[in-house]
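The values are calculated or read from the model by the stated rules, or taken from the named source; none is laboratory data. Everything quoted here is computed from the prediction, not taken from an experiment. Virtual Cβ from ideal backbone geometry, glycine too; neighbours counted across all protein chains shown.
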Amino acid sequence: MRHPYKFKITKKDPHSKARLGELHTPHGVIHTPIFMPVGTQATVKGMTPGQVTDTKAEVILANTYHLALRPGPKVIEEFGGLHNFMNWKKPILTDSGGFQVFSLSGMRKITEEGVTFRSHIDGSKIEFTPKKVIDLQLSFNSDIIMPLDICTEFPSPKKKVARELNITHTWEKEAFLYWQEKNVANWLFAIVQGGMHKDLRQESAEYLSSLDFPGYAIGGLSVGEPMEVLEEYIAYTAPLLPENKPKYVMGLGLPENLEFAIREGIDMFDCVLPTRIARHGQVFMAGHTRVNIKKECFKYDKSPIQDGCLCYTCQNFSRAYLRHLFVAKEMLAGTLMSIHNIHYLMETVNGIKKKILDTYR
Ligand SMILES: [Zn+2]
C-alpha cells in the first residue's frame, strides 16, 4: 500500500486562492503557508537548531549537491540521516542539487541519463542521475525530496528551454517511478520548469500532474526576472497544478512577494536571503525595508531593530549594540541579525495568514 502523504486543507479564503493546510511528514506536521529557512550545508548559517526553532520555523531546507560533495552520504548515513547528524528534530526538505550543478560546478555534460560535472571543491568528476539523487536524499532521510532537474538560466532562447524541459521531464519520470518502487514515507515533489514561456509551463504542469506526485514545486523563478514577470508566472502556473496537493515556489522569499504568492494558493517558500543579508549587516525593518545596521544614525540608538518584534534579538539588544558587533566584526552580529530576519519572515507569513484567512471567520 502506498503511504498516505497526507496534506489536509483546513481552510480556504473565499476571496482568493489562499488556503491553510497541514502537511504530514515523518518528522511532524508543517502548517502551511510556511516560510522555510535555508540550511544549505546542514546548518542555517550562524544559528543553532534551538535558535532556528525559536523563530517558529517548522521545516528547513538543506542541499543535496553540497552535502553529497561534503561530508558525503556515507557520513550522514552513519548517523541514520540528517536529523541526527545536525540535531534538528523537525522536518527537512532537500533540494535535488540540480540548481547548484548548473550554477556552481564546472565541465557539465548533460544526457538523458543524467549530468556529469566537476566538483567546485576539489575538481573531481561526479555523476548525478535521477536515481542517484533519490538515493542520496533517502540516505539523508529528508522528509521531502526533490527530483533532479535542469533550472535553465534566464534569459535563454526558447529552443534551449524546450530541449532542457524535455530532459527534465525524462529525469522526473524516472525519479518518480524509482521513488514509487521504493514505497517510502519521504515525500517526492515534482518540479515544473519551462522558463518564461507559458506554453512550456503549461506543458510541464500537465505532464507532471499526470504522474501524480504527492506535491508540486514551481522551479526556475526568482532567477533575475522583473517582479511583474515573477508574479505573472506564479499566477499562471499555480492553478495548473492539482488543487489538493501542496504547492511550493522554489527560491521565493522576499517579504514583498509573499502575500501575492499566498493569495495565488502557494503553500511553501524558501529563500537564503534573510540569513545572507544578515551576515552583511542588513536587517528587515517596518514596511519590508532592508536597512544596514552599520549606519551612523544607529550609533547611540537604544531601540531594538524593530519595535514590537518578539524575536530574541529585539527583546534583548539595541541597534547600537548590534551596530557595534557588526563594525567590530564579531561573530555574534550575524547570529543575532539572522535570528531577527528569519523571525521577521515567519511573522510576515503569519500576519498574511491572519489577514487573509481569519477575516472571514
Ligand atoms: Zn526582531
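Assorted remarks:
- Residues being of a type in the set (A, V, I, L, M, F, W, C) and crowded, with 20+ Cβ neighbours inside 10 Å - total across the stretch 326-345: 7
- Qualifying residue in the stretch 282-294 (condition: assigned by TED's automatic domain parsing to the domain that holds His15, among the small types (Gly, Ala, Ser) and out of contact with any Leu (no Cβ under 6 Å at 6 or more places or on another chain)): no
- Pairs, first assigned by TED's automatic domain parsing to the domain that holds Ser142 in the stretch 170-184, second part of a helix (DSSP H, G or I), C-beta under 6 Å, six or more apart: Trp171/Pro130; Glu174/Pro130; Ala175/Pro130; Ala175/Ile134; Tyr178/Lys131; Tyr178/Ile134; Trp179/Ile134
- Residue within the stretch 251-269 that is farther than 24 Å from Gly50 by Cα, within 16 Å of the ligand (Cβ to nearest atom) and not acidic (Asp, Glu) present: no
- Extreme residue, modelled with the lowest pLDDT, among residues of the stretch 62-84 that are surrounded by fewer than 22 Cβ atoms within 10 Å (Cβ to Cβ) and hydrophobic (A, V, I, L, M, F, W, C): Leu69
- Checking each residue in the stretch 123-168 for being surrounded by fewer than 19 Cβ atoms within 10 Å (Cβ to Cβ) and in contact with a Ser or Thr (Cβ under 7 Å, 6 or more places away or on another chain) picks out Lys125, Ile126, Glu127, Lys160.
- Among the residues of the stretch 133-183, just one is in contact with a His (Cβ under 7 Å, 6 or more places away or on another chain) and among the hydrophobic types (A, V, I, L, M, F, W, C), namely Val161.
- Among the residues of the stretch 315-357, the ones that are more than 15 Å from the ligand (Cβ to nearest atom) and among the acidic types (Asp, Glu) come to 1 in all.
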